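Worksheet: the structure to be examined is printed underneath.
What follows is calculated from the coordinates using simple rules that are stated; it is not laboratory data. In this text, all values refer to a predicted model and were calculated from it rather than measured experimentally. When we count neighbours, we look across all protein chains shown, and the Cβ atoms used for this are built from the backbone with ideal geometry, even at glycine.
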Amino acid sequence: MTDSAELSAATPQVDCQRCSACGRCVAACPAKLFTLDVDGFRKTARRQVSTDCRRCFACGRSCPVRAISPAPDADQKNR
C-alpha cells in the first residue's frame with residue numbers, strides 16, 4: 001500500500017477498464033467530486049477536474065475492485 005505522504009502529493013485517477021460503476025467512490029468522496037457517467041455502452045466513475053480534491057483518498061479505499069489509484073498532480077510533475 002502507498003504511504004500517506006505519497007497520497008497527499010497525488011490525486012485519484014480512475015481506471016475505467018476496471019471500474020464496476022458500483023458508486024462507492026461517489027458516496028465516499030467528501031468533496032463530492034465523483035459521478036457515474038456513461039462511457040460507450042457502460043457506466044464508469046469519473047472524477048471532476050477540480051482543485052477541491054482533499055487528497056484523502058477515501059474514494060480509493062472504498063473501491064472494491066481497486067479501480068482508483070493515486071496519480072501525481074500535473075504541477076507536481078513539473079517541479
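Things to note:
- Gain upon complete extension [residue 20, residue 41; 0.36 nm per residue less C-alpha separation]: 6.3 nm
- With both labels modelled 7 Å from their Cα along Cα-to-Cβ, the residue 27 to residue 54 distance reads 1.8 nm.
- With each label modelled as a point 7 angstrom along the Cα→C-beta vector, the residue 65-residue 13 pair spans 1.9 nm.
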